[in-house]
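Enquirer: Would you mind keeping the following structure in view while I ask a few things?
Bear in mind these aren't lab numbers, they're just calculated from the coordinates by the rules spelled out. None of these values were measured; they are calculated from a predicted model. A quick note on method: Cβ atoms are made from the backbone with ideal geometry, for glycine too, and the neighbour counts reach across all protein chains shown.
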Amino acid sequence: HHFAVSESQVMKDLDLLWVTGLPGYYPNDLIDFAFDEEEASVFLREAQGLSRPVPFAPREALALAAAVEWLRASGAAEGSAARALESVRHKLRGLVPAVLTGTPPVDVEMRRTVLRAAAGRRGIHIHYVSAGDEATERTVYPEALRTDGAHWYLDAWCTRASARRSFRMDRILTLAELGEGIDDGGGPDASGAPSAKPPGSGGGTGQSETEPEAEAFTTVRVRLLPRARWLAEEIPGARITSEDADSLVVELELGRWDWLVRVLLGLGDSVREVSPPELAAEVRSRARAALGAYGGHGAGEHNR
């Protein structure tokens with residue numbers, strides 16, 4: 001009943017077990033067992049190797065080790081569960097043909113505070129440093145913790161932006177749980193619609209035009225020649241959305257793309273199309289500036 005297997009199926013499996021064993025299938029090669037009807041139990045007399053643990057294939061061990069590393073990084077396992085996880089990790093170490101490094105773990109206390117605030121629909125006050133090294137303080141209402149395989153992110157309603165934002169956990173310097181909940185007037189309302197007022201505010205968004213904002217992710221698409229396929233294989237989170245004999249389209253979500261501009265410039269004519277238009281314009285501008293530094297040599301050829 002525990003495994004949702006019917007009695008008739010168990011009896012069919014036992015009938016098959018009578019003629020199961022090692023190649024050759026002589027009487028001494030077959031599995032021998034006894035069935036006790038009173039205790040409804042099966043006892044193996046000769047397991048023919050069935051009692052030996054089944055070894056992992058390298059691919060299976062690698063997949064399990066990767067899952068263990070992810071669980072360790074999530075911080076979800078505590079106490080005895082964490083010790084058991086560490087024991088499994090140690091045992092897999094000799095089976096895995098690679099060195100695995102998981103997503104950097106989230107600070108345990110920060111994780112607990114975020115999850116407690118999310119469960120209680122309460123806000124937290126954070127001191128956050130953006131990718132541009134600009135520090136802000138803001139009140140956010142946690143919704144979820146997630147990872148892209150490289151970093152952990154807090155998805156939350158931000159009262160400064162009056163919108164949902166994602167914050168990299170390793171860029172949150174400090175955080176403190178607040179007593180105010182969404183039902184007290186902060187964050188989105190029950191329908192998910194934005195709230196125009198942060199908690200305890202008389203109005204406005206609490207944001208000036210010059211204040212730095214948390215990462216708002218943008219979908220970037222790049223059409224490349226096949227020889228630049230490595231871009232999709234080496235950048236975490238990148239994926240190929242379409243491909244033919246002449247080109248492929250790589251798509252990724254970015255909070256900022258200044259580093260990608262440099263990568264695309266290095267790919268030269270292997271880049272055929274870039275979107276959104278703002279990114280394409282920045283790539284063109286940087287390419288023209290670079291060509292201009294060489295006295296305009298080749299500018300006509302690349303001015304497109």
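Enquirer: Which order do peptides 230-243, 164-177, 263-276 fall in by mean Cβ count within 10 Å, highest first?
Expert: Packing proxy ranking, top to bottom: 164-177, 263-276, 230-243.
Enquirer: Counting pairs of Cα atoms in segment 218-302, how many percent are more than 21 Å apart?
Expert: Of the Cα pairs, 29 percent sit more than 21 Å apart.
Enquirer: Which shape class applies to segment 7-46: rounded if a/c is under 1.5, otherwise prolate when a/b exceeds b/c and oblate if not, where a ≥ b ≥ c are the square roots of the Cα gyration tensor eigenvalues?
Expert: Oblate.
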